[in-house]
Amino acid sequence: KSSFPPYHNIVVFSHEINQSIKKRWEIIHSFQSALENQEFHVYIQPKVLHADKKICSAEALIRWKNADGTFLSPDAFIPILEETGDIVEMDHYVYDKVFAYLHERKLAGKSYLPISVNVSRLHLYDLDLFWRKLHSLEEAYPIPPSLITFELTESAYIQEIDAAEKFVVGLHEKGYRVSLDDFGSGYSSLKALSPMIFDEIKFDRAFLKTDITKKEATLLLQLIKLVKSLNTAVVCEGVETAENVALLDQSQCDIFQGYFYHKPFPIEELESVYLSQQAAPSL
Ligand code: C2E
Ligand code: MG
Ligand code: MG
Ligand code: MG
């Protein structure tokens with residue numbers, strides 16, 4: 001019956017496609033049990049101050065440790081959880097762990113640092129749910145809201161600009177900080193900058209690629225200067241090499257984050273890493 005020649009019905013089903021469909025299916029179907037079985041782990045990556053390169057804050061980054069001990073990186077499962085909507089629940093799991101961590105440390109009179117958490121674009125579609133969940137965290141773990149920074153990506157902000165602005169205003173009313181993550185990675189970066197409603201701009205790690213030309217370096221330094229002139233803090237992520245550090249040392253960037261200083265590690269280890277640097281001579 002088809003008007004197409006029969007060869008149009010041939011499906012090439014390769015081993016690779018089969019494997020990736022299988023992986024996808026596994027992620028979708030094992031999410032709930034993984035959450036219940038504590039397979040999600042909150043990792044943390046410290047950020048250091050420009051001036052003395054000492055840890056001043058940290059970012060929470062999720063890891064999925066399978067029953068067989070292998071780790072899935074966020075890039076492998078977050079896009080899938082964003083399709084299914086499960087990312088919303090996963091993010092709240094991270095927020096719960098971070099609030100609980102800070103609350104416990106504060107109660108015990110131990111040291112603690114401001115912590116950033118990432119925000120999926122999907123929260124913007126149901127802000128009422130987000131505020132309700134945040135409110136229950138505030139009741140359970142009363143901590144100063146200024147200790148928490150919510151990182152919203154530039155692409156989420158640009159795609160959902162109206163909801164994103166409500167989101168930022170609502171967080172500011174409650175006293176939280178808000179950061180624009182992956183700045184410079186999209187095609188509308190200046191549009192994202194112009195209202196300047198963010199407390200902090202996080203420059204995408206693409207700015208610090210290897211073999212950066214003189215012109216690219218000048219552009220980065222001038223963009224940082226521009227953001228600073230708007231009275232906004234600047235963080236550079238993906239600081240990997242001594243060359244990156246030498247370049248940023250000439251800039252007005254406030255905070256450096258990257259493998260050169262610290263790779264992400266389990267949040268339980270933050271105290272010992274933080275305390276060990278307090279005792280060490282400064283770099
Ligand atoms: P991001 O928020 O921009 O986080 C920075 C990513 O860069 C992290 O990857 C971090 O491990 C990596 N990174 C840090 N320093 C360096 C460096 O010097 N060189 C290189 N090459 N990479 C570096 P990760 O942990 O794999 O996370 C990837 C992305 O997944 C994050 O990008 C964030 O968008 C998302 N993500 C991670 N955790 C969460 C979460 O709990 N919730 C949501 N919604 N998204 C998350
Ligand atoms: Mg981030
Ligand atoms: Mg980023
Ligand atoms: Mg990123």
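General remarks:
- If the chain linking GLN252 and GLU104 were pulled fully straight, counting 0.36 nm for each residue of separation and taking away their Cα-Cα distance, it would gain 49.8 nm.
- The chain - Kirkwood radius from inverse mean 1/r over Cα pairs (Å): 20.7 Å
- Each DSSP beta bridge with both residues in the chain is either parallel or antiparallel, and the antiparallel ones are about 40%.
- Sparsely packed chymotrypsin sites (Phe, Trp or Tyr not before Pro) within segment 133-225, loop by DSSP, other Cβ within 10 Å at most 15: TYR187
- The fraction of accessible area contributed by carbon and sulfur in the chain is 55 percent, rounded to a whole number (1.4 Å probe; ligands and nucleic acids excluded).
- Low-density loop cleavage sites - trypsin sites (Lys or Arg not before Pro) in segment 60-113, where at most 16 other Cβ are within 10 Å (DSSP): LYS110
- Scattering curve values for segment 29-81, log₁₀ I(q)/I(0), Debye with Cα scatterers, q = 0.19, 0.27 Å⁻¹: -0.69, -1.05
- Per residue, the convex hull spanned by the Cα atoms of segment 200-283 amounts to 107 cubic angstrom.
- Rg [Å, one decimal], Dmax [Å, integer] - segment 1-135, C-alpha atoms: 20.6, 77
- In the chain, the longest principal axis of the Cα atoms and the axis of helix 15-36 are about 60 degrees apart.
- Cα→Cβ-extended label distance, 7 Å offset, between GLN19 and LYS215, nm: 4.0 nm
- Degrees, to the nearest 10: 87-107 long Cα axis against longest axis of the chain: 30 degrees
- In terms of distances greater than 20 angstrom between alpha carbons, the cross-link table entries LYS54/LYS202; LYS47/LYS166; LYS65/LYS133; LYS65/LYS263; LYS54/LYS110; LYS110/LYS263 yield LYS47/LYS166; LYS65/LYS133; LYS110/LYS263.
- The magnitude of the dipole of the chain, with charges of +1 and -1 set on the Cβ of Lys/Arg and Asp/Glu and taken from the Cα centre, is near 460 debye.
- Per-residue ellipticity at 222 nm computed for the chain from its helices equals -14000 deg cm²/dmol, with DSSP H segments shorter than 4 residues left out and the rest contributing -39,500 (n - 2.57).
The values are calculated or read from the model by the stated rules, or taken from the named source; none is laboratory data. All values derive from a computational prediction rather than experimental measurement. We place every Cβ from the backbone using ideal geometry, glycine too, and count neighbours over all the protein chains shown. For the accessible areas, the whole protein counts, side chains as well, though only heavy atoms, and no ligand, DNA or RNA atoms are used. Shrake-Rupley method; radii C 1.70, N 1.55, O 1.52, S 1.80 Å.
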